[in-house]
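Q: Before we start, here is the structure in question, set down as structure tokens.
Quick note: the coordinates plus some simple rules give every number you see, no bench work behind them. Since the structure is predicted, the reported quantities are computational estimates derived from the model, not experimental observations. Cβ sites come from the backbone with ideal geometry, for glycine too, and all protein chains shown count toward neighbours.
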Amino acid sequence: MPAKFSRRHSANLRLRRLPVGLVLLAAIFLQGCGAVVGTMAAQTLASAVLNQDDPEVVAGGLPAYMLMVDGFIQQSPENDGLLAGGAQLFALYGSNFESDPSHAVVLTAKGRRYGEQAMCIEHPPACDWMGLEYNLFVSELTEVGSRQKKALYSYAVSWLSHLDTASDDWSAVAELPWVQAVFERLLEIDETYEQGGIHLYLGILNALRPPALGGRPEVAKAHFERAIELSGGRDLSAKMEYARRYARMVFDQQLHDRLLMEVLEAPVSAPGLTLFNVLAQREAAELLKSSEEYF
């Protein structure tokens, strides 16, 4: 069984580049304005969130959109794209911005339900995945291909987000191998998807346990380094998690401090990554502050 991981120590498994939900919402909300105008407005809204360098602005604005997404899903419960967007939006807010742990569990649980529903519509056999024995679940995943990768990614990150916020529940933590299997299938389908996001999550998952309890630090290290490579070093969360998860696990203070200094000295502005880079820098500063005490 994977070791317990808490919101305090995981600092949340940051959901990367997930305002697809905002794109879908804007596209639907503005469809009466014409296809071109609606699409442009949707892209502008998503860009504004992803490239926002003030997380407090995002935190204050997202709840209104979450209410609207709920309403649209109630009107169109079979719209898999809208469900996937809702999954991402609720997971994003619950795991990154909700300060009340119990409410974060509620929000990410809704995101997870939406992700499951979207996957069920996109790939009907997925309707029966819940509760499957591990080996059978892995076998079922081989039937998912490139056409379903967006839905599968949304399914995976919304599930992992819920497990993160519900980490005090050991039954939730026990599901981690199933989630890891989904990310490993995504890796087989397209390792470059989301600029290395799949590798980043697999790095985290392989570093959750210390080696004595079955953790695989060298596998985690390889995933973190590949995530950094695929993002061209622009995704600062990859280096921050590399320091937090791997360097601290193997007690490599030199690597730990070097990675964190690189995060703090790097520009945060990067297309589609600015918001999460700001969050990564905040966390890097806290980790570096505690370096001497930890090592």
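Q: Give me LYS110, LYS239, LYS150, LYS289 sorted ascending by neighbouring Cβ count inside 10 Å, so fewest comes first. All intermediate terms of the calculation are to be shown ahead of the outcome.
A: Values: LYS110 21, LYS239 25, LYS150 17, LYS289 11.
Least crowded to most crowded, the residues run LYS289, LYS150, LYS110, LYS239.
Q: Follow-up. How big is the charge dipole of the range 100-160 about its Cα centre, in debye rounded to the nearest 20, if each Lys and Arg gets +1 on its Cβ and each Asp and Glu gets -1 on its Cβ?
A: Numbers: 6 positive and 7 negative charges, 58 e Å.
In total the dipole reaches around 280 debye.
Q: Taking the Cβ of PRO211 as the centre, find all other residues whose Cβ is under 15 Å away and add up their charges (Lys, Arg: +1; Asp, Glu: -1).
A: Details: positive: ARG209, ARG216, LYS221, ARG245, ARG248; negative: GLU218, ASP252.
It works out to a net charge of +3.
Q: Take every Cα pair under 8 Å in the range 191-295 that's 6+ residues apart, average their separations, divide by the length, and report that relative contact order as a whole percent.
A: Details: 131 pairs, mean separation 23.8, N = 105.
In percent, rounded to a whole number, it is 23.
Q: Also: So how do ARG113, ARG147, ARG245, ARG185 line up by other beta-carbon neighbours within 10 Å, fewest first?
A: ARG147, ARG113, ARG185, ARG245
Q: Continuing with this model, one more query. Cut-off is 10 Å between beta-carbons; in what order do SER95, SER167, SER158, SER102 appear when sorted fewest neighbours first?
A: Details: SER95 26, SER167 22, SER158 32, SER102 10.
Ascending Cβ contact count within 10 Å gives the list SER102, SER167, SER95, SER158.
Q: To the nearest 0.05, what FRET efficiency results for ALA59 and GLU265 with a Förster distance of 25 Å applied to their C-beta separation? Before the final figure, lay out the partial values.
A: On the way: r = 26 Å, r/R0 = 1.04.
Efficiency computed from Cβ-Cβ geometry: 0.45.
Q: Moving to a separate point now. Quick one: divide the alpha-carbon radius of gyration of the range 191-295 by 2.2 N^0.38 Å and tell me what you get. Display every interim value, and only then the final one.
A: Working: Rg = 12.9 Å, N = 105, 2.2 N^0.38 = 12.9 Å.
Dividing the Cα Rg of the range 191-295 by 2.2 N^0.38 Å gives 1.00.
Q: Find out how many positive minus negative residues lie around SER291, taking Lys and Arg as positive, Asp and Glu as negative, among other residues whose Cβ is under 12 Å from that of SER291.
A: -1
Q: Over the range 86-211, how many percent of alpha carbon pairs lie in each 5 Å bin up to the one with the longest distance?
A: Spelled out bin by bin, the range 86-211 gives 2, 12, 21, 25, 23, 13, 4, 1 percent.
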